[in-house]
Amino acid sequence: MVKAYQRFSLADNGTLGVIASSACSDVLWIDGSGSGGGTLALTASLDALILWNLRTGTAVATMRDTDSDAEVSSLAADSTGRLIASGFQDGKVRLWDRASWTLRVALDGHRSAISSIAFSADGQLLASGSHDTDIIVWDCVAESGMFRLRGHKDAVTAVSFLPGEGSGRLVSGSKDSLIKVWELDAQHCVQTITGHRSEVWSIATDVSAQRVVSGGADAELRVWSLNTQKNAEPLSFVGSLPKAGRGRVGGLSFCGAGRFLLCQTLDKNVQVFRLRAREEAVRRMKRRLKRSKDVNDADEPEDDAAKKAAAIPTAVDEMQAISIFSASAKVRAAAAVVVLAKGSAAGTGAGKGDSGERLRVLCALSNNAMEVWEVGVTRDVVDATLSVNLYNPGHRSDVRAVAIRFATV
């Protein structure tokens with residue numbers, strides 16, 4: 001006699017009430033800048049992706065591949081608004097169509113968890129870094145892998161595309177403390193940087209300002225200049241920026257057309273930097289050099305080469321920390337977008353902000369919550385205010401056991 005059992009299905013689309021998984025290091029704003037921006041957000045919830053309407057606090061859509069139960073570990077969106085890429089703990093990469101919010105293709109090539117993914121500027125290429133130390137470049141049009149880049153000795157924690165001839169270049173960071181720049185057409189490494197003293201955890205690029213910022217477990221962020229000339233090193237060191245908090249960097253990202261840099265550490269701190277205009281950075285440099293000269297008047301005069309090197313703006317001249325705030329719990333991922341109040345106009349350049357322009361910072365926390373913070377955009381340091389708090393109470397740590405009691409009728 002065959003015994004019949006009831007079949008149970010999970011409620012809330014199988015996410016078990018998880019708002020944002022701590023295993024994923026990314027959250028995304030889906031709607032862009034403007035007066036109506038900063039409403040829709042995408043998070044990873046176990047093996048699914050959830051689109052949230054933060055104005056109503058409800059899930060709008062849930063995306064899941066029914067053929068896999070691996071957790072999402074990384075997220076990225078292309079600049080054209082067509083695709084979402086997600087990396088998984090089983091080493092697979094999946095592309096999702098943003099128009100229909102359905103799975104487009106699953107790409108298999110890595111042997112272990114995906115730790116970072118990034119689209120090229122035109123959205124035609126996708127790079128994925130993994131704990132298997134490999135980088136794979138994918139063709140999003142042909143929906144297939146192009147080639148594999150090998151050279152790191154530990155997990156690849158950050159990848160980002162850079163402009164260049166042909167297919168351009170790729171910069172990568174790893175837990176081996178190295179930053180590598182790859183020539184994609186030649187498929188080999190053209191520069192290896194050993195500036196960090198410990199693991200590199202995140203890299204942000206701003207092509208318009210030609211700046212690359214890297215962060216890790218060090219006490220400082222390192223800023224690099226992007227060189228596009230032939231026979232020149234792709235990245236050259238500009239200077240270091242002190243970061244707030246003692247936790248390692250969890251994520252770096254530019255927003256507002258490269259005018260702002262968001263730095264999130266794995267404690268409760270989130271810091272916002274403003275990129276100064278060239279003229280403002282030069283004035284800041286001159287004031288700094290004047291103060292230094294007044295202090296060191298008794299020293300011997302510097303040679304011409306030292307004076308020329310000192311006359312170039314450094315990272316502290318180019319970037320100003322305008323805000324720092326602490327979330328209610330440890331921050332696992334953060335993203336920012338510039339939004340406008342109705343009837344307001346955006347700033348016309350770096351360092352110019354309108355009273356109606358502000359940053360909306362989305363934070364995914366370790367206690368299964370999301371917070372949205374509003375940061376004003378001015379020349380002075382400003383306070384951040386909490387505007388949205390989406391929280392789903394539950395266990396404060398991992399669930400170790402579950403028991404089900406069946407009642408006989």
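The values are calculated or read from the model by the stated rules, or taken from the named source; none is laboratory data. Please read all numbers here as calculations on a predicted model, not as lab measurements. When we count neighbours, we look across all protein chains shown, and the Cβ atoms used for this are built from the backbone with ideal geometry, even at glycine.
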Mind checking which strands (runs of 3 or more DSSP E) fall wholly inside segment 149-235 and carry at least 1 residues that are touching a residue at least 60 places away in the same chain (Cβ under 8 Å) and either under 23 Å from Leu261 (Cβ atoms) or in contact with a strand residue (DSSP E or B) (Cβ under 6 Å, 6 or more places away or on another chain) (or both)?
-> 156-162, 169-174, 200-206, 211-216, 220-226
Could we say that Lys153 is touching a Cys at 6+ places or on another chain (Cβ under 6 Å) and not hydroxyl-bearing (Ser, Thr, Tyr) here?
-> no
Among the listed residues Leu359, Leu365, which satisfies the condition of being over 27 Å from Ala209 (Cβ atoms), of a type outside the set (Gly, Ala, Ser) and either in contact with a His (Cβ under 9 Å, 6 or more places away or on another chain) or modelled with pLDDT of 85 or more (or both)?
-> Leu365
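Within segment 66-73, does at least one residue satisfy the condition of being polar (S, T, N, Q), surrounded by fewer than 23 Cβ atoms within 10 Å (Cβ to Cβ) and within 27 Å of Leu340 (Cβ to Cβ)?
Within segment 66-73, none of the residues are polar (S, T, N, Q), surrounded by fewer than 23 Cβ atoms within 10 Å (Cβ to Cβ) and within 27 Å of Leu340 (Cβ to Cβ).
Condition check ((1) over 24 Å from Asn368 (Cβ atoms); (2) touching a Cys at 6+ places or on another chain (Cβ under 7 Å); (3) modelled with pLDDT under 90) across all residues:
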site	(1), (2), (3)
Leu51	no, no, no
Ala70	no, no, no
Ser73	no, yes, no
Ala76	no, no, no
Phe88	no, no, no
Val93	yes, no, no
Ala99	yes, no, yes
Leu103	yes, no, no
Segment 40-59, residues that are within 13 Å of Leu390 (Cα to Cα) and assigned to a loop (DSSP other than H, G, I, E, B) = Leu54, Arg55, Thr56, Gly57
For residues that are over 18 Å from the mean Cα position of the chain (by Cα) and surrounded by 22 or more Cβ atoms within 10 Å (Cβ to Cβ), scanning just segment 150-179, find the one that is nearest to Arg248 (Cα to Cα).
-> His152
Count, please, the residues in segment 112-148 that happen to be over 22 Å from Leu252 (Cα atoms) and touching a residue at least 24 places away in the same chain (Cβ under 8 Å).
-> 8
